Amino acid sequence: MTVRALLLAAVLAVAPALAGCGTASSPSPPAGVDELTIPTPSPDPGDFVAEVDNPWLPLPVGDTWVYSVTDAEGPHRLTVTVERGPEVAGVATTSRVSAEPSGTVTDWFAQDEEGNVWWFGREGVWRAGEDGAEAGVAMLARPRIGDGYRTAYAAGVVEDTARVTALDGEADVAAGSYDDLVMVEQQSRLQPGAVAELAYARGVGLVQASEVSGSYRTVRLVTAPES
């Protein structure tokens, strides 16, 4: 599976939608959102909290999400579970384990004191603080239309960028009908022309993801943890 396909499978972003009328929110520049350094070369462990409870990317330990996936391998299920993670770059992380027939992917996340969720690595692929890899943002605490940021950086491995495109998205999936979704567009310099669109619901996380250009893949929520 390609890095892009794995990202679509695993990011609840990433990870990570909505508390109101987002269309009135002011945009921010595509780098240094809210004075954050993204990606960060030297995260301070003191800036992070123990739990990931961002409303758009909640990751309570023990919770499980099930998605239906359609891609070149045909229709199948993706199961996402949350566990305690390892310490990465001095920061205690939360592991999100994404399992489908082609394999299992484990990503590490941590939330800062402001509520932003950071992506600290992928088991066996890259790890923040090693070989020049840097943690990036999986989900902002307060997404606004126009916010742009790197999700992480590891040269030649993960060079994705994300941009908030809407705060009033809608999706009908097996788990239900959702509105007021945070819509995030992701691209990678390593796969020119490939664009992924991800939709996040408040209190749920990722409800839908799809390749809108490039290789075909859709991910749709079937069941979510009970709140």
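The values are calculated or read from the model by the stated rules, or taken from the named source; none is laboratory data. Given the structure is predicted, the values throughout are model-derived calculations rather than measurements. Positions of Cβ are generated from backbone atoms using ideal geometry, with glycine treated the same way; all protein chains shown enter the neighbour counts. The accessibility values were calculated without ligands, DNA or RNA, using every heavy atom of the protein model including side chains. Shrake-Rupley method; radii C 1.70, N 1.55, O 1.52, S 1.80 Å.
Computed on the range 53-100, the Cα convex hull volume stands at 102 Å³ per residue.
Counting only protein heavy atoms and a 1.4 Å probe, the chain has 42 square angstrom of accessible area per residue. With helices as the sole contributors, the chain gives -1000 deg cm²/dmol at 222 nm; each DSSP H run of n ≥ 4 counts as -39500 (n - 2.57), and the sum is divided by every residue. Taken along the Cα-to-beta-carbon direction at a fixed 7 Å, the label points for Asp47 and Thr79 span 3.7 nm.
With the gyration tensor restricted to C-alpha atoms of the chain, the semi-axes of the equivalent ellipsoid amount to 22, 20, 18 Å, longest first. Let's test this: bin the Cα-Cα distances of the range 95-152 at 10 Å from zero up to the farthest pair and state each bin's percent. For the range 95-152, the pair-distance distribution reads 22, 45, 28, 5. In plain terms, the bigger the Kirkwood radius, the slower the diffusion; for the range 33-129, with that radius from Cα pairs, at 4 °C and 1.567 mPa s, Stokes-Einstein puts D at 90 µm²/s. Take every pair of alpha-carbon atoms less than 8 Å apart whose residues are at least six positions apart; their mean separation over the length of the range 111-227 yields a relative contact order of 15 percent. FRET efficiency for the pair Val212 and Ala99, taken as 1/(1 + (r/R0)^6) with r the Cβ-Cβ distance and R0 = 30 Å, rounds to 0.75. Across the accessible surface of the range 32-79, with the other protein chains kept in place and a 1.4 Å probe, carbon and sulfur atoms take up 51 percent.
Report in % the part of the accessible area of the range 152-193 that belongs to carbon and sulfur, leaving out ligands and nucleic acids; probe 1.4 Å. On the range 152-193, the fraction of accessible area on carbon and sulfur atoms equals 42 percent. Projected onto the charge dipole of the chain (+1 at Lys/Arg Cβ, -1 at Asp/Glu Cβ, origin at the Cα centre), which of Val184, Ala196, Val52 gives the Cα projection farthest towards the positive end? My answer, from the dipole projection, is Ala196. Per atom type, the range 81-123 shows carbon and sulfur on 43% of its accessible surface, probed at 1.4 Å.
Start at zero, step by 5 Å, and the Cα-Cα distances of the range 174-227 spread as 5, 19, 27, 21, 13, 9, 5, 1 percent across the bins. For the range 23-168, the Cβ-based charge dipole about the Cα centre amounts to some 320 debye (Lys, Arg positive; Asp, Glu negative; other atoms uncharged).
Alpha-carbon geometry of the range 126-167: the Rg and the Dmax are 11.7, 36 Å, given in that order. Of the residues Ser42, Ser210, Ser98, ranked by 1.4 Å probe accessible area with the largest first, the sequence reads Ser42, Ser210, Ser98.
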